[in-house]
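Asker: Got a structure here, written out as structure tokens. Questions coming.
The values are calculated or read from the model by the stated rules, or taken from the named source; none is laboratory data. Please read all numbers here as calculations on a predicted model, not as lab measurements. Cβ placement follows ideal geometry from the backbone for every residue including glycine, while neighbour counts extend to all protein chains displayed.
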Amino acid sequence: MSSVTRSTQEVTPTPSLQGRPPRALRRLGDRVFGGLSTGSGITILVILAAVAGFLLMQAIPALTTSPEVLLQQGYGPFWSWILPFAWGTIWSSFWALLMAVPVAIGVALCISHYAPRRLAGTLGYVIDLLAAVPSVVFGLWGSIVLATAVQPLWLWLNTHLGWIPFFSGQVSGTGRTLLTASIVLAVMILPIITALCREIFIQTPILHEEAALALGATRWEMVKMTVLPFARAGIVSSVMLGLGRALGETMAVAMVLSGSREITVKVLTSQNPNTIAAVIAQNFPEAYGLKTSELIAGGLVLFVITLLVNMAARLIVGRYKDLSGAN
């Protein structure tokens, strides 16, 4: 009897091993998944290098040709031509972030910690829908509706706050100013920053929140002590993604802004610095020769600006990676 029992125990598989795939199959799956992940990362690097190489090769004529020849056959000496547009790109994106970031963080906190569940779901759907609106629609809204609506506000700002350099000068009669374009950009990047911040705020450890409330903190104090420190790196990442969208936006800015080659801090006048992306979109169809090379070289400058912004963001995020769940 004991021998029969022993043989039965030897034949019967161990319960803990039942249902598990063979070790060789598990190792094959790990190798396949690891290869796909590594290949995807390498593919991204190859695409990035290919884009950079294409821009550099096409921009070499504009970067190496003498200023006299560029003045005759192109748009003029490259660096004196591109610097006003680079300034307009950075300046308009700065104002867009200044308006969008506080609103986006507030909306994300409302959805994640303040609003009732049904209202939070509705707000989330609206934010996601706003991200799907084409940039041409935003451009039409900005040039036809928004520019006319904000023109009296720009007059008021110039009258009462004209001593500030930003709001000085002769106000544009059409309302199509750099600040108007920045509002359009702010509305466009708002859903990106809001959606990412909302997901990061939700990931805050519930024990941290409950501990703060148990110690007598109000809801705002709990958010300030637990949610915002935990999400600091994630907020920076979402802001940088929104900034990347603002730096590269083309059609909305081209439809709203009547830009020119001028470096100025004024945001209410009709003489506004244009952006690199808008200049390329407006001039590329009829460009030829050195003009095409200069426009592509402008794209290379925009590429470098975006790359530097993302590198700076990664450095900032890396400083707080131990405190954030975003990584």
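Asker: Please name all residue pairs, on different chains or six or more residues apart, with Cβ atoms under 9 Å, provided the first residue is in region 165-193 and is farther than 18 Å from residue 94 by Cβ and the second residue is in a helix (DSSP H, G or I) and of a type in the set (Val, Ile, Thr).
Answerer: Between residues of region 165-193 that are farther than 18 Å from residue 94 by Cβ and residues that are in a helix (DSSP H, G or I) and of a type in the set (Val, Ile, Thr), the close pairs are 171/159; 172/180; 174/148; 175/148; 175/150; 176/256; 191/126; 191/127.
Asker: Condition check: under 21 Å from residue 117 (Cβ atoms), modelled with pLDDT of 85 or more, polar (S, T, N, Q) and more than 22 Å from the chain's Cα centre (by Cα). Does residue 269 satisfy that?
Answerer: Details: under 21 Å from residue 117 (Cβ atoms): no; modelled with pLDDT of 85 or more: yes; polar (S, T, N, Q): yes; more than 22 Å from the chain's Cα centre (by Cα): yes.
Spelling it out, it is not the case that residue 269 is under 21 Å from residue 117 (Cβ atoms), modelled with pLDDT of 85 or more, polar (S, T, N, Q) and more than 22 Å from the chain's Cα centre (by Cα).
Asker: Hey, another quick one. Identify the residue in region 101-134 that is among the β-branched types (Val, Ile, Thr) and assigned to a helix (DSSP H, G or I) and, among all such residues, is farthest from residue 239 (Cα to Cα).
Answerer: In the first step, residues of region 101-134 are kept if they are among the β-branched types (Val, Ile, Thr); the result is 101, 103, 105, 107, 111, 122, 126-127, 133.
Now narrow it down to the ones that are assigned to a helix (DSSP H, G or I): 101, 103, 105, 107, 111, 122, 126-127.
Working: 101: 7, 103: 12, 105: 10, 107: 14, 111: 18, 122: 23, 126: 20, 127: 16 Å.
Out of the qualifying residues, it is 122.
Asker: While we're looking at this one, here's another question. Taking the stated definitions as given, is residue 100 buried (at least 22 other Cβ atoms within 10 Å of the Cβ) and touching a Phe, Trp or Tyr at 6+ places or on another chain (Cβ under 7 Å)?
Answerer: Numbers: buried (at least 22 other Cβ atoms within 10 Å of the Cβ): yes; touching a Phe, Trp or Tyr at 6+ places or on another chain (Cβ under 7 Å): no.
No.
Asker: Of the residues 204, 180, which single one is among the polar types (S, T, N, Q), closer than 17 Å to residue 256 by Cα and either surrounded by 20 or more Cβ atoms within 10 Å (Cβ to Cβ) or in contact with a strand residue (DSSP E or B) (Cβ under 7 Å, 6 or more places away or on another chain) (or both)? If you could, list the steps in order and put the result at the bottom.
Answerer: Numbers: 204 fails: closer than 17 Å to residue 256 by Cα.
Just a single option satisfies the conditions, and that option is 180.
Asker: Given (1) within 27 Å of residue 110 (Cβ to Cβ); (2) surrounded by fewer than 17 Cβ atoms within 10 Å (Cβ to Cβ), where does residue 165 come up short, assuming only one miss?
Answerer: (1)
Asker: With the structure loaded, tell me whether residue 49 is without any contact (Cβ under 8 Å) to a residue 12 or more places away in the chain, of a type in the set (A, V, I, L, M) and touching a helix residue (DSSP H, G or I) at 6+ places or on another chain (Cβ under 7 Å) or whether it fails that test.
Answerer: On the way: without any contact (Cβ under 8 Å) to a residue 12 or more places away in the chain: yes; of a type in the set (A, V, I, L, M): yes; touching a helix residue (DSSP H, G or I) at 6+ places or on another chain (Cβ under 7 Å): no.
No; evaluated as a whole, the condition is false for this residue.
Asker: Continuing with this model, one more query. Read through the list (1) in contact with a Lys or Arg (Cβ under 9 Å, 6 or more places away or on another chain); (2) of a type in the set (Gly, Ala, Ser); (3) modelled with pLDDT of 85 or more, then give the number of the only condition that residue 124 fails.
Answerer: Failed condition: (3).
Asker: Taking region 141-152 only, how many residues are free of Cβ contacts under 8 Å to residues at least 12 places away in the same chain and either more than 29 Å from the chain's Cα centre (by Cα) or surrounded by 13 or more Cβ atoms within 10 Å (Cβ to Cβ) (or both)? I'd like the intermediate steps shown before the answer.
Answerer: From region 141-152, those free of Cβ contacts under 8 Å to residues at least 12 places away in the same chain are 144-145, 152; that's our starting set.
Going one step further and asking which of them are either more than 29 Å from the chain's Cα centre (by Cα) or surrounded by 13 or more Cβ atoms within 10 Å (Cβ to Cβ) (or both), we end up with 152.
Counting residues in region 141-152 that are free of Cβ contacts under 8 Å to residues at least 12 places away in the same chain and either more than 29 Å from the chain's Cα centre (by Cα) or surrounded by 13 or more Cβ atoms within 10 Å (Cβ to Cβ) (or both) gives 1.
Asker: Let me ask another. Could you tell me whether residue 40 is outside any loop (DSSP other than H, G, I, E, B), in contact with a helix residue (DSSP H, G or I) (Cβ under 9 Å, 6 or more places away or on another chain) and at pLDDT 85 or above? Before the answer, list the steps.
Answerer: Working: outside any loop (DSSP other than H, G, I, E, B): yes; in contact with a helix residue (DSSP H, G or I) (Cβ under 9 Å, 6 or more places away or on another chain): no; at pLDDT 85 or above: yes.
In short, no.
Asker: Would you check if residue 85 is in contact with a helix residue (DSSP H, G or I) (Cβ under 9 Å, 6 or more places away or on another chain), farther than 23 Å from residue 245 by Cα and at pLDDT 85 or above?
Answerer: Details: in contact with a helix residue (DSSP H, G or I) (Cβ under 9 Å, 6 or more places away or on another chain): yes; farther than 23 Å from residue 245 by Cα: no; at pLDDT 85 or above: yes.
Here the answer is no, as residue 85 does not meet what is asked.
Asker: Any residue in region 75-87 that's within 20 Å of residue 265 (Cβ to Cβ): show its pairings with residues that are in a helix (DSSP H, G or I) and small (Gly, Ala, Ser) at Cβ separation under 8 Å, as long as the two are six or more apart or on different chains.
Answerer: If the second residue must be in a helix (DSSP H, G or I) and small (Gly, Ala, Ser), the pairs left are 82/297; 82/298; 85/298.
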